[in-house]
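A short write-up of the structure that comes next.
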Amino acid sequence: MKYILIIGAGSDIARPLAFLYAKSGYGIYLASRSYDQLVRDANDIKIRYNVDTAAFTFDVTQTTTHQQFYDSLPVKPAGVICLAGSLGDQQKSEQNFDEAQIVLDANFTGLVSILHIIAADFEKRKEGFIVGVSSVAGEKGRKSNYVYASAKAGFTTFLSGLRNRLYSANVQVMTVHPGFIRTKMIEGRTTPGIITASPEEVARDIFSAQQSGKDFIYSKWFWRFIMFGFKMIPESIIKKLDLK
Amino acid sequence: MKVTNWGNYPVIEATVHTPSTINDVRTVVTSSPELIARGLGRCYGDSSLNTAIVSTLRLNHILAFDEQSGNITCESGVSFAEILDAFVPRGWFVPVTPGTKFITVGGAIASDVHGKNHHIAGSFSAHLQSMKVMLHDGSVVLCSRDTHPDLFWATCGGMGLTGIILEATFRMVRIETAYIRQRIVKAKNIDAAIDAFEANKHWTYSVAWIDCLSKGDSLGRSALILGEHATKQEVGYRYRDPLKIDKGISIPVPLFLPDFVLNTYTVKIFNGLVNAKYIQGDSFVEYGPFFYPLDVFSDWNRIYGKRGFTQYQFVLPKETSRVGLRKVLERISLSGEGSFLAVLKLFGKQEGLLSFPQEGFTLALDFAISPTTLALLGELDELVCEHGGRLYLTKDVRMTKDVFEKGYSQAAKFLTTKNKFDTQKKFQSLQSKRIGLS
């Protein structure tokens, strides 16, 4: 059985995505900090789709544990999907560097650590795929979340470089830029209903794009056009806008 | 936030809690003075509406499945769609299903849903082994036919008024293929349709689409649709893997259509198309189009526009069905208020206190919400009561306390049990207040 490793499996996208891979016969490894929840999820996936599943405690920001974590997997995965990330608190990040550091580690530096460990293995095996879920937020800084957004920008650039590096090793690296998603992360905030996707929709987009060998996708697709328009606005105007 | 159910009427402002663990449910239950559980909101009216709502959609794990008996244990927010997606390819089907798969297990219990096989298999509760219910004080009670049977029977069909259903165990049925062997029998009027139901009682699944604009001799002209789960032998070599079917298509209705789109003429055209589509004879169809013909159109409720709509579903005892159905159809035909969808079905015997089915015929009709239709439905209420029938709580948004009490003879017994477990009168909905179940 081939396995998929999902990092950041506490995300709302993780379950529907795991269902899609399990349905097509992959075993599922779930990794995140919320171990108890993962055990329930892993059991559920196993019952539904008759595939092998396992849950692992994993903290993106604890980089010293990463090598040991990857070595402990019973079977090395055929693909990795990285959903980890944390919005953090922009205001706290501005006042206290320790806060900013956590956001940067959770969205960028910690991912560099784990994905380099995995990339080395895939490069040696000359197979596998890595999916990194970044964000449209990383394409332009806004005062409301630029610490998070700049970490995502770093992650996007990291993935594109990694894609270039692993191309010759026959390893697919796919970057995902989701827009608004109806998740726990944005619970309580108001997002425009019509452009807010469900976690299931985003999971379907990721699965089908990965299976067809894509390099980069927006989810939903129309964010390509929204972001194109947004990026056309010059900084001299952007800086004057009250962007939430 | 704004909340509304399938009929888009009424739309209310409510606080919606979406707990993902039992402890979180407990926190919400013990800290709210009054609330009601809600799943996918496929009830048509106000059954799952109140100012405080507990959504079960994050209680969505399957907990156990026994390959030998077919017993499945899951949390209440798991949907039939998810269950079918996982288990049809493995040769299992839900024992009873309504006309949409976008309902949760919790909702199926609270509404004690019925399907096209009611005359043979009974309602959902007939296949329910046990369930866990959280009471007003946050305590969790396991109930079944043997332990706390009073709570079990009050919760089946109890519209969520006894507590929050957390988990349930029910028995699935074995299937050999994902296909249905379908037979269509045309009936030229309501009498012929009733006779056809009786003559085809041995079929596991049966339902009829009625053209309710037909008049005179052809009043109640219908297409009776019969079905059996097809065996491997029957489908033969038609399909490579008869348990797997291709991903179904989904046609969205992206916007509320203007109110004028549905009128007598468009309904006539639609009914004509339905009639033409159902050609008398036998065929094999996928389980999706057979059980869930409307699920293909996601958000099809928007065709009724922003005014919203309701489904009027009643059941009449067998003895009065023939006369009563005719009177109701005549009244509707006279009004010219065409129902887009009209479905007739034969029910078998039924247990439970508030469960809707009773032995006889049930008819379901959709109506846009307007003063004229509401007046018409008031008149239909009188006909239904006169013939000893009752209305389906899950579809209802306007029934009076009087009509409810006339139809549901065990309402008082239900209230006694509810009050025994819900001493704080915590579990209430807009509907329960309207019909005096609080």
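The values are calculated or read from the model by the stated rules, or taken from the named source; none is laboratory data. What you see is a predicted model, and the numbers here were worked out from it, not measured in a lab. Cβ placement follows ideal geometry from the backbone for every residue including glycine, while neighbour counts extend to all protein chains displayed.
Yes/no per residue for (1) out of contact with any strand residue (DSSP E or B) (no Cβ under 6 Å at 6 or more places or on another chain); (2) among the β-branched types (Val, Ile, Thr):
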| position | (1), (2) |
| --- | --- |
| B:TYR44 | no, no |
| B:SER47 | yes, no |
| B:ASN50 | no, no |
| B:ILE62 | no, yes |
| B:PHE65 | no, no |
| B:ILE72 | no, yes |
| B:ILE83 | yes, yes |
| B:PHE87 | yes, no |
| B:VAL94 | yes, yes |
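What residue, of B:VAL315, B:VAL323, B:VAL267, B:VAL285, is under 20 Å from the mean Cα position of the chain (by Cα) and either at pLDDT 90 or above or among the aliphatic types (A, V, I, L, M) (or both)?
Numbers: B:VAL323 fails: under 20 Å from the mean Cα position of the chain (by Cα); B:VAL267 fails: under 20 Å from the mean Cα position of the chain (by Cα); B:VAL285 fails: under 20 Å from the mean Cα position of the chain (by Cα).
Sole residue among the options that is under 20 Å from the mean Cα position of the chain (by Cα) and either at pLDDT 90 or above or among the aliphatic types (A, V, I, L, M) (or both): B:VAL315.
Looking for something within 9 Å of another protein chain (Cβ to nearest Cβ) and buried (at least 20 other Cβ atoms within 10 Å of the Cβ) - is there at least one such residue anywhere in segment A:35-42?
yes
Contact list please: Cβ distance under 6 Å, first residue in segment B:75-90 and under 14 Å from B:LEU40 (Cβ atoms), second residue part of a helix (DSSP H, G or I) and of a type outside the set (Lys, Arg), pairs at least six apart or on different chains.
B:SER76/B:VAL105; B:SER76/B:GLY106; B:VAL78/B:VAL105
Per-residue answers, yes or no, for (1) among the aliphatic types (A, V, I, L, M); (2) over 28 Å from B:LEU135 (Cβ atoms):
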{"residue": "B:CYS385", "(1), (2)": "no, yes"}
{"residue": "B:ARG398", "(1), (2)": "no, yes"}
{"residue": "B:SER409", "(1), (2)": "no, no"}
{"residue": "B:ALA412", "(1), (2)": "yes, no"}
{"residue": "B:THR417", "(1), (2)": "no, no"}
{"residue": "B:LYS425", "(1), (2)": "no, no"}
{"residue": "B:GLY436", "(1), (2)": "no, no"}
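So, of the residues in segment B:204-228 that are aliphatic (A, V, I, L, M) and over 15 Å from B:GLY99 (Cα atoms), which turns out to be surrounded by the most Cβ atoms within 10 Å (Cβ to Cβ)?
My answer is B:ILE210.
Quick one: how many residues across segment B:61-89 are farther than 26 Å from B:GLN311 by Cβ and assigned to a loop (DSSP other than H, G, I, E, B)?
Result for segment B:61-89: 6.
What is the number of the single condition among (1) closer than 21 Å to B:THR15 by Cα; (2) modelled with pLDDT of 90 or more that A:LEU159 does not meet?
(1)
Tell me, please, whether a residue that is away from chain A (no Cβ under 13 Å), under 20 Å from the mean Cα position of the chain (by Cα), free of Cβ contacts under 8 Å to residues at least 60 places away in the same chain and closer than 30 Å to B:LYS426 by Cα can be found in segment B:101-108. Explain how you work it out, then say what you get.
The initial filter retains those residues of segment B:101-108 that are away from chain A (no Cβ under 13 Å), namely B:101, B:103-108.
Then drop every residue that is not under 20 Å from the mean Cα position of the chain (by Cα), which leaves B:101, B:103-108.
Filter once more, so that each one left must be free of Cβ contacts under 8 Å to residues at least 60 places away in the same chain: B:108.
Narrowing the set further to residues that are closer than 30 Å to B:LYS426 by Cα leaves B:108.
Taking every residue of segment B:101-108 in turn, at least one turns out to be away from chain A (no Cβ under 13 Å), under 20 Å from the mean Cα position of the chain (by Cα), free of Cβ contacts under 8 Å to residues at least 60 places away in the same chain and closer than 30 Å to B:LYS426 by Cα.
Specify the residue that is nearest to B:LYS244 (Cα to Cα); the eligible residues are those in segment B:38-89 that are within 13 Å of another protein chain (Cβ to nearest Cβ) and of a type in the set (Val, Ile, Thr).
Across segment B:38-89, the extreme among qualifying residues is B:VAL88.
Among the residues of segment B:346-395, which ones are of a type in the set (D, E, K, R), under 28 Å from B:LYS306 (Cα atoms) and part of a loop (DSSP other than H, G, I, E, B)?
B:LYS395
Of the residues A:TYR21, A:TYR3, only one is surrounded by 21 or more Cβ atoms within 10 Å (Cβ to Cβ) and either closer than 21 Å to A:GLU201 by Cα or among the charged types (D, E, K, R) (or both); which?
None of the others qualify; the one that does is A:TYR21.
Within 14 Å of another protein chain (Cβ to nearest Cβ), of a type in the set (A, V, I, L, M, F, W, C) and buried (at least 18 other Cβ atoms within 10 Å of the Cβ): is that true of B:PHE93 in this structure? Give the steps one after another, and end with the answer.
On the way: within 14 Å of another protein chain (Cβ to nearest Cβ): no; of a type in the set (A, V, I, L, M, F, W, C): yes; buried (at least 18 other Cβ atoms within 10 Å of the Cβ): yes.
No: the conditions fail for B:PHE93.
Restricting segment A:221-244 to residues that are assigned to a helix (DSSP H, G or I) and among the basic types (Lys, Arg), which is modelled with the highest pLDDT?
Top of the filtered list is A:ARG224.
Note down all Cβ pairs under 6 Å where the first residue falls in segment A:18-33 and is more than 14 Å from chain B (Cβ to nearest Cβ) and under 15 Å from A:SER208 (Cα atoms), the second is modelled with pLDDT of 95 or more and crowded, with 20+ Cβ neighbours inside 10 Å, and they're at least six residues apart or on different chains.
Listed pairs, sorted by first residue: A:TYR26/A:ILE4.
Which of the strands (runs of 3 or more DSSP E) found entirely inside segment A:116-220 contain at least 3 residues meeting this: of a type outside the set (Ser, Thr, Tyr) and surrounded by 15 or more Cβ atoms within 10 Å (Cβ to Cβ)?
A:129-133, A:172-178
Determine whether A:THR175 is modelled with pLDDT of 95 or more, over 18 Å from A:TYR3 (Cα atoms) and touching a strand residue (DSSP E or B) at 6+ places or on another chain (Cβ under 9 Å).
yes
Anything in segment B:298-312 that is under 21 Å from the mean Cα position of the chain (by Cα) and modelled with pLDDT of 80 or more? List them, or say none.
Within segment B:298-312, the first condition is being under 21 Å from the mean Cα position of the chain (by Cα), and the residues that meet it are B:298-304, B:308-312.
Correct list: B:ASP299, B:TRP300, B:ASN301, B:ARG302, B:ILE303, B:TYR304, B:GLY308, B:PHE309, B:THR310, B:GLN311, B:TYR312.
If a residue counts only when it is among the small types (Gly, Ala, Ser), in contact with a strand residue (DSSP E or B) (Cβ under 9 Å, 6 or more places away or on another chain) and farther than 27 Å from B:GLU67 by Cα, which helices (runs of 4 or more DSSP H) contained entirely in segment B:105-217 have at least 2 such residues?
Answer list for segment B:105-217: B:190-199.
When you go through A:ASP59, A:ASP71, A:ASP89 one by one, which is the residue that is more than 14 Å from every other protein chain (Cβ to nearest Cβ) and at pLDDT below 95? Steps first, answer last, please.
Numbers: A:ASP59 fails: at pLDDT below 95; A:ASP71 fails: at pLDDT below 95.
On inspection, the qualifying residue turns out to be A:ASP89.
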